[in-house]
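In what follows, a structure is listed as structure tokens, so that the remarks can point back to it.
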Amino acid sequence: MSGSGSGSGSGLLVVRAGALTTVQDLGRPGFAHLGVPRSGALDAGAHALANRLVGNPAEAATLESTSDGVALRARAPVTVAVTGAPCAVRVCGRPAAWGSPVRLGAGAELEVGRAEWGLRSYVAVRGGFAVPPVLGSRSTDLLSGLGPAVLSAGTVLPVGPAGADPVRGADAPGMPGPPSELVLPLRLGPRADWFEAASVARLLRSPYRVSARSNRIGLRTEGGPPLARRRGGELPSEGMVLGAVQIPPDGLPVLFLADHPVTGGYPVLGVVLPGRPLDAAAQARPDTPVRFVPA
């Protein structure tokens, strides 16, 4: 990945990086024993759809933008697609399709606008973003610092060789929208017995809200009843997984997302299994209502 926009060649030049835009793929599983989280795209469904629309395999790297989008300039003709949070898409200032393949000529500028609903948008390019992999993945991990740097203006993103033909819009109408309420099916354990049974029951019938302190590491909650411990003392650090719901000292649940640590010392009440609920969590804005329900 180059830090200069000068010169000729292929690739996409970052014109505007946005608040937080990172390169993401399916992550780097299998390295937790080395202290390396999986990372990867938070909304795995939107990432996969963007790749499918441009003819890439699911493991190809995309861009994950947060809240206010990103702007890119093509240095050679490419095909791109934007999915995830609905947003305005423009090419050279003119409206273009969201959720469908879009052709960019050499010198054309793609503007991915502010998320109108939801939080994270995904940009795929036919051939994938070919930044150097680290431990088999091109994902940016904000916790460990592995992978490419957070995007900045002037960076040139290389593009890999094109694969299959793009898909023309067949999947986009079926893509679920960002949640107006985040419903998280919770499988209790392994430390549910550390909490008062009545407190756990209240958790499963009480509303919470997404906290503005949420990030790629974890979705923090607020506004609901804190969980009361029945067992005091400290818990030795133990392994953490994607979707773990950890209860810190303030008693308010934290849902671990893609950049979560591999170990932690606060008790895990339960786990939200991977799939659509975690994809929805990636799109939940601050103040979105949250409900935990039995899995």
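Within region 17-31, can you find the residues that are surrounded by 16 or more Cβ atoms within 10 Å (Cβ to Cβ) and of a type outside the set (Phe, Trp, Tyr)? Outline the logic, then answer.
Kept after step one, since they are surrounded by 16 or more Cβ atoms within 10 Å (Cβ to Cβ), are these residues of region 17-31: 17-18, 20-28, 31.
Within region 17-31, Ala17, Gly18, Leu20, Thr21, Thr22, Val23, Gln24, Asp25, Leu26, Gly27, Arg28 meet the criteria.
Screening region 34-66 for residues that are without any contact (Cβ under 8 Å) to a residue 60 or more places away in the chain and in a helix (DSSP H, G or I) and picking the one that is nearest to Asp141 (Cα to Cα) gives Leu34.
For Val80, the stated conditions hold: it is buried (at least 24 other Cβ atoms within 10 Å of the Cβ), out of contact with any Ser or Thr (no Cβ under 8 Å at 6 or more places or on another chain) and not in a loop (DSSP other than H, G, I, E, B). The condition (being under 25 Å from the mean Cα position of the chain (by Cα) and modelled with pLDDT of 95 or more) is satisfied by just one residue among Leu257, Leu227: Leu257.
Of everything in region 32-48, what is buried (at least 23 other Cβ atoms within 10 Å of the Cβ) and either more than 19 Å from Leu151 (Cβ to Cβ) or of a type in the set (S, T, N, Q) (or both)? Give them in sequence order. If you could, list the steps in order and put the result at the bottom.
Going through region 32-48, the residues buried (at least 23 other Cβ atoms within 10 Å of the Cβ) turn out to be 37, 39-43, 46-48.
Answer for region 32-48, where residues must be buried (at least 23 other Cβ atoms within 10 Å of the Cβ) and either more than 19 Å from Leu151 (Cβ to Cβ) or of a type in the set (S, T, N, Q) (or both): Pro37, Ser39, Ala48.
The values are calculated or read from the model by the stated rules, or taken from the named source; none is laboratory data. Nothing here was measured: the structure is a model prediction, and the numbers come from that model. Cβ coordinates were reconstructed from backbone atoms using ideal geometry, including for glycine residues, and neighbour counts include every protein chain displayed.
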